[in-house]
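The values are calculated or read from the model by the stated rules, or taken from the named source; none is laboratory data. These figures come from a predicted structure and were not determined experimentally. Note that we place each Cβ from the backbone using ideal geometry, even for glycine, and neighbour counts take in every protein chain shown.
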There are 2 protein chains.
Amino acid sequence: MDVQELIDRLGNQARVERFAANNLLFRRGDATRSVFGIVQGQALLRRYTVEGTALTIHRAFAGDIFAEAALFSDVYHCDGEVLAGTHVAQFPKLALQNLMQNDQVFAATFCHHMASQVQRLRSNLELRSIRSAEDRVMAALSLRLREGQSRLELNGTWKGFASEIGLTHEALYRALKRLQAGGRLTRSGRVVEI
Amino acid sequence: MDVQELIDRLGNQARVERFAANNLLFRRGDATRSVFGIVQGQALLRRYTVEGTALTIHRAFAGDIFAEAALFSDVYHCDGEVLAGTHVAQFPKLALQNLMQNDQVFAATFCHHMASQVQRLRSNLELRSIRSAEDRVMAALSLRLREGQSRLELNGTWKGFASEIGLTHEALYRALKRLQAGGRLTRSGRVVEI
DNA sequence: CGTCCGCTTGACTCAGATCAAACTTGGTGG
DNA sequence: CCACCAAGTTTGATCTGAGTCAAGCGGACG
């Protein structure tokens with residue numbers, strides 16, 4: 001499930017808004033009103049340490065749904081900020097809860113969505129404990145291959161891919177170069193073959 | 001929600017089994033029969049790259065529920081192996097699905113559990129992009145503090161904590177030492193004060 | 001036509017990994 | 001109750017590979 005699907009599903013109960021400048025959607029401790037989604041742009045979820053420094057606990061990009069936990073909590077547990085130029089979809093908590101209660105199929109879909117998230121996040125987390133850049137890149141690419149395939153096209157940019165897997169773009173490009181030199185993959189543009 | 005809760009809830013439909021030696025619970029492509037939980041010990045979820053090397057995509061420890069996605073898929077997408085001496089709880093997919101359909105409260109609890117997982121995993125992932133060992137340790141500890149508290153007791157060992165946050169235990173101990181020297185935290189045994 | 005941004009490569013640095021070893025601690029079983 | 005073993009804790013020395021800074025290229029887009 002993705003933002004657009006949820007917008008379609010909720011109809012006029014969903015509201016999409018564009019923020020020209022950086023904007024706080026909610027603060028930690030605020031009563032939870034909505035779950036959110038990014039249509040375009042980026043949002044940051046933050047908490048503050050005892051020492052007072054900001055701590056980013058999540059970065060949401062186009063297509064992502066975030067603050068789902070609002071459905072099950074009375075207050076937000078972090079600050080939510082959208083960056084300038086971002087289009088945000090708001091999904092009222094009550095509307096979502098109603099929908100889930102009255103529509104078993106939707107409830108299952110939503111649950112499925114979260115189970116998939118858990119799966120993806122867990123494997124991304126394991127990925128990060130692969131220290132070698134080359135091995136990490138190979139592993140990350142392998143996980144994105146469809147069963148039986150050996151070729152894939154990147155969704156975003158290589159730079160974006162680098163930050164998704166926790167490497168600087170320089171380290172990524174060098175790793176790719178070595179992998180190509182070693183004959184472990186070939187690529188042209190955003191298409192890779194392993 | 002934790003394994004024990006699910007065992008209690010499912011009653012005699014849940015089965016707990018002890019494996020003396022390493023054992024494959026399921027293979028990628030097998031029809032999904034159950035969701036699992038660890039009572040004691042450890043399980044590994046694995047996939048294989050095109051090159052044939054094993055790739056750990058998740059490590060489950062005591063208390064963890066895993067392979068939840070089995071509820072929404074016809075086949076497993078990875079191999080599931082338990083290590084020697086592990087006590088595993090099996091939750092039949094059908095029993096769980098029935099429970100979720102007939103008991104709205106349980107369904108909500110289960111959904112809540114997954115939303116919390118997503119939250120935790122996302123922040124752990126963000127944590128990994130903090131390069132400095134000291135900062136990463138402080139951030140990880142801060143996230144484990146209860147609101148308003150400044151002291152906490154570790155659940156597991158420091159060594160376990162190190163691998164949770166993606167550091168070697170040596171790097172962790174050295175970071176802790178520097179943090180203590182810098183007066184940013186104090187600790188005795190498994191109790192820390194920030 | 002110019003600007004922005006992704007891409008690519010080079011040189012250098014340094015923090016964390018690795019290897020090694022000693023010491024605690026806790027639990028087990030005789 | 002003590003001997004013993006396994007595992008966690010702690011510190012040292014060394015090394016390596018990813019980060020950082022820097023700079024040039026090229027394509028997209030207004």
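Every residue, every condition in (1) modelled with pLDDT of 90 or more; (2) in contact with a strand residue (DSSP E or B) (Cβ under 6 Å, 6 or more places away or on another chain); (3) among the basic types (Lys, Arg); (4) farther than 19 Å from B:ASP79 by Cβ, yes or no:
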residue	(1), (2), (3), (4)
B:VAL3	yes, yes, no, yes
B:LEU25	yes, yes, no, no
B:ARG33	yes, no, yes, no
B:ILE38	yes, yes, no, no
B:LEU45	yes, yes, no, no
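State whether one or more residues within the stretch B:79-99 are in contact (Cβ under 8 Å) with a residue 24 or more places away in the chain and loosely packed, with under 13 Cβ neighbours inside 10 Å. Full working, then the answer.
Initially, the stretch B:79-99 is screened for residues in contact (Cβ under 8 Å) with a residue 24 or more places away in the chain, giving B:79-93, B:95-97, B:99.
Narrowing further to those that are loosely packed, with under 13 Cβ neighbours inside 10 Å: B:84.
The answer is yes, given that some residue of the stretch B:79-99 is in contact (Cβ under 8 Å) with a residue 24 or more places away in the chain and loosely packed, with under 13 Cβ neighbours inside 10 Å.
Which residues, counting only those in the stretch A:100-112, are in contact with a Leu (Cβ under 9 Å, 6 or more places away or on another chain) and in contact (Cβ under 8 Å) with a residue 40 or more places away in the chain? Of everything in the stretch A:100-112, those that are in contact with a Leu (Cβ under 9 Å, 6 or more places away or on another chain) and in contact (Cβ under 8 Å) with a residue 40 or more places away in the chain turn out to be A:PHE106, A:PHE110, A:HIS112.
Is there a residue in the stretch A:123-144 that is touching a residue at least 12 places away in the same chain (Cβ under 8 Å), more than 9 Å from chain B (Cβ to nearest Cβ), in contact with a helix residue (DSSP H, G or I) (Cβ under 7 Å, 6 or more places away or on another chain) and closer than 30 Å to A:GLU17 by Cα? No, the stretch A:123-144 has no match at all. Here is the figure for the stretch A:173-194: residues that are surrounded by 13 or more Cβ atoms within 10 Å (Cβ to Cβ), within 14 Å of DNA strand C (Cβ to nearest atom) and within 14 Å of another protein chain (Cβ to nearest Cβ) total 3. The set of residues from the stretch B:151-172 being out of contact with any Lys or Arg (no Cβ under 6 Å at 6 or more places or on another chain) and not in a loop (DSSP other than H, G, I, E, B) comprises B:ARG151, B:TRP158, B:LYS159, B:GLY160, B:PHE161, B:ALA162, B:SER163, B:GLU164, B:GLU170, B:ALA171, B:LEU172.
Can you pull out the residues in the stretch A:121-141 that are away from DNA strand C (no atom under 13 Å from the Cβ) and over 17 Å from A:TYR173 (Cα atoms)?
Keep residues of the stretch A:121-141 that are away from DNA strand C (no atom under 13 Å from the Cβ), which gives A:121-127, A:134, A:138-141.
Correct list: A:LEU121, A:ARG122, A:SER123, A:ASN124, A:LEU125, A:GLU126, A:LEU127.
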